[in-house]
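J.: The structure follows.
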């Protein structure tokens, strides 16, 4: 593991400028400032959409008893006020606990850094569901023009995972809701993306995965059946010349990666790979995938 991938283990300090920017009138102890909670505004880049009320109440009770153990991170804005960068739950719980101030580290950070730090914080705590992670990565790409490779370097994820997360956003809203509710995992979502060009099959497969509580492996097998229906003529052909397991696995891997049906015709190490697309969107995705690798 290289140094870039160790960024998550080192914590948020590796992403923050070293100089504190506390304004006059704010009480300071070393690098930590006691800032009135009412002077802090929420983070506009927050990628987490919901916070469990029970967990927030539990944290508020802990803060009442022992205070805030880890300071939040804020950045100065106009009129002597601050904007939250990291530590939303601690800030909300402190307000709920009736605290007038909260320990905070003040940093000068850009919008891009603020969004990046928010994502890193939530990834470290595994706070984001798959769709929230996908939206966060897509936002880094769209708003700050970061490539998937750059996003991977900053978050400690590999580029393929970033691409797979972003692909989840192409799934229908109903499937995304299953992912957000925890009824389906990231692994399920990644497998279901192979049916993105077949809306009816995708809806049925996702519903089966939820209602039948299918594992990722079982869902993968179900999707493979949809993508490779074995008709009578095909069964006869397979009876005469069985498909090599390695070739079959390669076809399934390509189907998962490209999201379209793949047919590999192999004979003694020679043959052809046929990609079958159902729409221009499928065609564009295939071209993009093949030309960016």
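J.: Go through the stretch 61-94 residue by residue and tally those that are under 23 Å from residue 132 (Cβ atoms) and in a helix (DSSP H, G or I).
T.: Matching residues across the stretch 61-94 total 6.
J.: Failed condition for residue 229, given (1) closer than 18 Å to residue 275 by Cα; (2) at pLDDT 85 or above; (3) assigned to a loop (DSSP other than H, G, I, E, B), with all others met?
T.: Condition not satisfied by residue 229: (2).
J.: Provide a single number: the residues in the stretch 90-112 that are over 16 Å from residue 39 (Cα atoms) and surrounded by 16 or more Cβ atoms within 10 Å (Cβ to Cβ).
T.: If we filter the stretch 90-112 for residues that are over 16 Å from residue 39 (Cα atoms), which is where we start, we get 97, 108-112.
If we keep only those that are surrounded by 16 or more Cβ atoms within 10 Å (Cβ to Cβ) as well, we get 97, 109.
Residues flagged as over 16 Å from residue 39 (Cα atoms) and surrounded by 16 or more Cβ atoms within 10 Å (Cβ to Cβ) within the stretch 90-112 amount to 2.
J.: Among the numbered conditions (1) at pLDDT below 80; (2) not assigned by TED's automatic domain parsing to the domain that holds residue 140, tell me where residue 54 comes up short.
T.: Looking at each condition in turn, residue 54 falls short on (1).
J.: Let me ask something else about it. Inside the stretch 164-215, can you point out the residues that are in a helix (DSSP H, G or I) and either at pLDDT below 90 or out of contact with any helix residue (DSSP H, G or I) (no Cβ under 6 Å at 6 or more places or on another chain) (or both)?
T.: Passing the criteria: 170, 173, 174, 177, 199, 200, 203, 204, 207, 208, 211.
J.: Still on this structure, I have one more. Looking only at the stretch 121-129, decide whether some residue is at pLDDT 85 or above and touching a helix residue (DSSP H, G or I) at 6+ places or on another chain (Cβ under 8 Å).
T.: yes
J.: With 169, 202 as the choices, which residue is buried (at least 21 other Cβ atoms within 10 Å of the Cβ) and touching a residue at least 24 places away in the same chain (Cβ under 8 Å)?
T.: 202
J.: Just one of 261, 236 is assigned by TED's automatic domain parsing to the domain that holds residue 207, touching a strand residue (DSSP E or B) at 6+ places or on another chain (Cβ under 7 Å) and either modelled with pLDDT under 80 or within 23 Å of residue 208 (Cβ to Cβ) (or both); which is it?
T.: Exactly one residue qualifies, and that residue is 261.
J.: Answer with yes or no whether residue 116 is surrounded by 13 or more Cβ atoms within 10 Å (Cβ to Cβ), at negative phi and in contact (Cβ under 8 Å) with a residue 60 or more places away in the chain.
T.: Yes: the conditions hold for residue 116.
J.: Out of curiosity, is residue 149 without any contact (Cβ under 8 Å) to a residue 60 or more places away in the chain, surrounded by fewer than 21 Cβ atoms within 10 Å (Cβ to Cβ), in contact with a helix residue (DSSP H, G or I) (Cβ under 6 Å, 6 or more places away or on another chain) and not assigned by TED's automatic domain parsing to the domain that holds residue 31?
T.: On the way: without any contact (Cβ under 8 Å) to a residue 60 or more places away in the chain: yes; surrounded by fewer than 21 Cβ atoms within 10 Å (Cβ to Cβ): yes; in contact with a helix residue (DSSP H, G or I) (Cβ under 6 Å, 6 or more places away or on another chain): yes; not assigned by TED's automatic domain parsing to the domain that holds residue 31: yes.
When the stated conditions are applied, residue 149 passes them.
J.: Quick one: is residue 176 free of Cβ contacts under 8 Å to residues at least 60 places away in the same chain and in the same structural domain as residue 214 (by TED's automatic domain parsing)?
T.: Considered against the rule, which asks whether it is free of Cβ contacts under 8 Å to residues at least 60 places away in the same chain and in the same structural domain as residue 214 (by TED's automatic domain parsing), residue 176 comes out as yes.
J.: While we're on this one: If a residue has to be touching a strand residue (DSSP E or B) at 6+ places or on another chain (Cβ under 7 Å) and either more than 18 Å from residue 194 (Cα to Cα) or free of Cβ contacts under 8 Å to residues at least 12 places away in the same chain (or both) to count, how many in the stretch 264-293 make the cut?
T.: The qualifying residues number 3.
J.: One residue is enough: does the stretch 19-27 have a residue meeting the conditions within 28 Å of the chain's Cα centre (by Cα) and either modelled with pLDDT under 85 or within 30 Å of residue 157 (Cα to Cα) (or both)?
T.: no
The values are calculated or read from the model by the stated rules, or taken from the named source; none is laboratory data. Because the structure is predicted, anything quoted here is derived from the model rather than measured. All Cβ positions, even for glycine, are placed from backbone atoms using ideal geometry, and neighbour counts span all protein chains on display.
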